[in-house]
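Report on one structure; see the data block that follows.
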């Protein structure tokens, strides 16, 4: 079914190159960025459903239990939407010629060393 075992980030990137070619899907960076944005919106819709459901359940089971119950109810669909986002991230990396595993490792190494501080109120630079 799949052209490789899809165990590593390079495997996933190779899979998406294969799938794009097989399906004739666009490799245009701008178009795929727009499509990713749409998928992020679908993730937001699933989280909204969880939030609304949790609010309905909160009176009978408490805030934490309501959140967990609502999340359990929508976990499958939320997972599919997150998977769509991940697919577009692999596609964008492919479209831009980026080794995503190398980029991820380099960025996380930088983040480990980084110190985050909150900007003063009103400072949005």
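The values are calculated or read from the model by the stated rules, or taken from the named source; none is laboratory data. Being a predicted model, the structure only gives us computed values, none of them experimental. Here the Cβ is made from the backbone with ideal geometry for all residues, glycine too, and neighbour counts use every protein chain on show.
For the stretch 19-29, indicate whether the set of residues that are under 14 Å from the mean Cα position of the chain (by Cα) and at pLDDT 95 or above is non-empty. Taking every residue of the stretch 19-29 in turn, none turns out to be under 14 Å from the mean Cα position of the chain (by Cα) and at pLDDT 95 or above. All of (1) within 14 Å of residue 73 (Cβ to Cβ); (2) surrounded by 14 or more Cβ atoms within 10 Å (Cβ to Cβ) hold for residue 52 with one exception: (2).
Among the residues of the stretch 5-29, those identified as surrounded by 11 or more Cβ atoms within 10 Å (Cβ to Cβ) and under 21 Å from residue 104 (Cα atoms) are 6, 8, 9, 10, 11, 12, 13, 14, 15, 16, 17, 29.
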